[in-house]
Amino acid sequence: MDTTAFRADLDLIPDTLDALAVVLRDGLDGLPGALRVSVPPERRRVLVLGMGSSAYAAHVVARAARAQGVPVTVELASTSELPAPAEDLVVVAVSATGGSAEVLDAVVRYRGTGRLVAVTNRPDSALAQGADAVVPLGAGTEQSGIACRTFRATLPVLDALLAALTPVTPMFSAQSLRRAAEASRHLLDADADWVPPLADLLGGPIGAWVLAPVERLSSAQQSALMMREVPRRPAYASETGDWSHVDVYLTKTQDYRALVFAGSAWDGPALDWMRQRGSRYAVVGGTLPGAELTVEFPGQEDRSVALLTEVLAGELVAWHWFREA
């Protein structure tokens, strides 16, 4: 890992999204091989395996598929309680590096039964070599070794793969990726105006909390991960509705600082508790009462654009903290 290269990787996000938009428009590499499944699409079950940010992205995409009635399950590859191999089960193993030990261990049991599809940024990796089909993430090389562009790529690539394998309508399109690229440039170009005050607000003595609606929970999880991984600061992710059941207690006794990704039906109760107890919070992607700082970007009302853009707030704060250390 070369943390000093993290900002350079972030600056390449808009170009990466524009390039992925072209790929999405023209068709993902590897899809013809992935589609060679004898079981009809309407009868296929899909199991997605991953770790870390790959799993964060997979849960969001799979939840959208299940809302359409398509049986897509996501499991951490480290679990010992995986479904049995079956002819109607397509296993999608996601690993940016293609070398995650837990993923490599989990997929062994699925070789030779059903279908094993690797989604990876390294088509020459050990994961790819053992798969029936390989779908590249196409995120380019992350010089820092930190999953920022690969995290974003996982969302639309996995979404497109599920749409090819099953009767699901995709969430992402070439147009939404281009809009996310534009929105990301907007945030990066103006970062000197909003990142320092946001980093100062979130830099409390006990860490930062990041809230997001369940439909975009990956944004909170990835943001908190970046705050831990890059500057090595304590940070925690919470789903906005669930926050009132698991994290509200800390606002009574701690100097509580929160970054809130707007758009949950349960923003109100969480912010009411924070205001009553003097907590400090900033909002990204909308305006909410009581926020000390609001960060907005073009297209924030579009879920697919927000998923690919808003996490820059947490990443840039992480970079700011690292640089200032």
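The values are calculated or read from the model by the stated rules, or taken from the named source; none is laboratory data. Quick caveat, the model's predicted, so the values are computed rather than measured. Positions of Cβ are generated from backbone atoms using ideal geometry, with glycine treated the same way; all protein chains shown enter the neighbour counts. SASA here: full protein model, heavy atoms, side chains in, ligands and nucleic acids out. Shrake-Rupley method; radii C 1.70, N 1.55, O 1.52, S 1.80 Å.
Name the residue, out of 260, 248, 230, that is surrounded by fewer than 22 Cβ atoms within 10 Å (Cβ to Cβ) and of a type in the set (A, V, I, L, M).
On inspection, the qualifying residue turns out to be 248.
Need the failing condition index for residue 80 against (1) surrounded by fewer than 17 Cβ atoms within 10 Å (Cβ to Cβ); (2) closer than 30 Å to residue 183 by Cβ, just the number.
Answer for residue 80: the failing condition is (2).
Among the residues of segment 21-30 satisfying the criterion of being touching a residue at least 60 places away in the same chain (Cβ under 8 Å) and assigned to a helix (DSSP H, G or I), which is least open to solvent (accessible area, probe 1.4 Å)?
It comes out as 21.
Of the residues that sit in segment 283-293 and are part of a strand (DSSP E or B) and within 20 Å of residue 255 (Cα to Cα), which one is least open to solvent (accessible area, probe 1.4 Å)?
Here the answer is 283.
Please tell me if residue 154 is of a type in the set (Ser, Thr, Tyr), part of a helix (DSSP H, G or I) and under 15 Å from residue 52 (Cβ atoms).
yes
For the subset of segment 295-317 comprising residues that are part of a helix (DSSP H, G or I) and among the small types (Gly, Ala, Ser), which member is farthest from residue 178 (Cα to Cα)?
Going through the qualifying residues, I end up with 314.
Could you count how many residues in segment 253-274 are part of a helix (DSSP H, G or I) and touching a Phe, Trp or Tyr at 6+ places or on another chain (Cβ under 9 Å)?
5
Here are 216, 280, 303: which of them is within 13 Å of the chain's Cα centre (by Cα), open to solvent by 50 Å² or more (accessible area, probe 1.4 Å) and in contact (Cβ under 8 Å) with a residue 60 or more places away in the chain?
303
Out of all the residues in segment 51-77, which are farther than 15 Å from residue 161 by Cα and open to solvent by less than 10 Å² (accessible area, probe 1.4 Å)?
Once the filter is applied, which keeps residues that are farther than 15 Å from residue 161 by Cα and open to solvent by less than 10 Å² (accessible area, probe 1.4 Å), segment 51-77 yields 55, 77.
Go through the residues of segment 228-240 one by one and say whether even a single one is in contact (Cβ under 8 Å) with a residue 24 or more places away in the chain and either in a helix (DSSP H, G or I) or touching a Cys at 6+ places or on another chain (Cβ under 8 Å) (or both).
Yes - at least one qualifying residue is present in segment 228-240.
I need the full set of residues from segment 1-20 which are of a type in the set (A, V, I, L, M), more than 18 Å from residue 310 (Cβ to Cβ) and open to solvent by less than 30 Å² (accessible area, probe 1.4 Å), in order please.
If the condition is that a residue be of a type in the set (A, V, I, L, M), more than 18 Å from residue 310 (Cβ to Cβ) and open to solvent by less than 30 Å² (accessible area, probe 1.4 Å), then 5 is the only one that fits.
Among all residue pairs at least 6 apart or on different chains, which show Cβ distances below 6 Å where the first residue, located in segment 31-45, is within 20 Å of residue 119 (Cα to Cα) and at pLDDT below 90 and the second is of a type in the set (S, T, N, Q) and surrounded by fewer than 11 Cβ atoms within 10 Å (Cβ to Cβ)?
So the pair list comes out empty.
Here's the yes/no breakdown for (1) of a type outside the set (A, V, I, L, M, F, W, C); (2) within 18 Å of residue 7 (Cα to Cα); (3) open to solvent by less than 10 Å² (accessible area, probe 1.4 Å):
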{"site": "183", "(1), (2), (3)": "no, yes, yes"}
{"site": "189", "(1), (2), (3)": "yes, yes, no"}
{"site": "200", "(1), (2), (3)": "yes, no, no"}
{"site": "209", "(1), (2), (3)": "no, no, no"}
{"site": "212", "(1), (2), (3)": "no, no, yes"}
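Give the residue, chosen from 175, 143, that is open to solvent by 30 Å² or more (accessible area, probe 1.4 Å), part of a loop (DSSP other than H, G, I, E, B) and of a type in the set (S, T, N, Q).
Every option except 143 fails the conditions.
For segment 91-109, how many residues are in contact with a Pro (Cβ under 9 Å, 6 or more places away or on another chain) and without any contact (Cβ under 8 Å) to a residue 40 or more places away in the chain?
2
Considering segment 87-126 alone, what residues qualify as being under 19 Å from residue 138 (Cβ atoms) and part of a strand (DSSP E or B)?
Result: 92, 93, 94, 117, 118, 119, 120.
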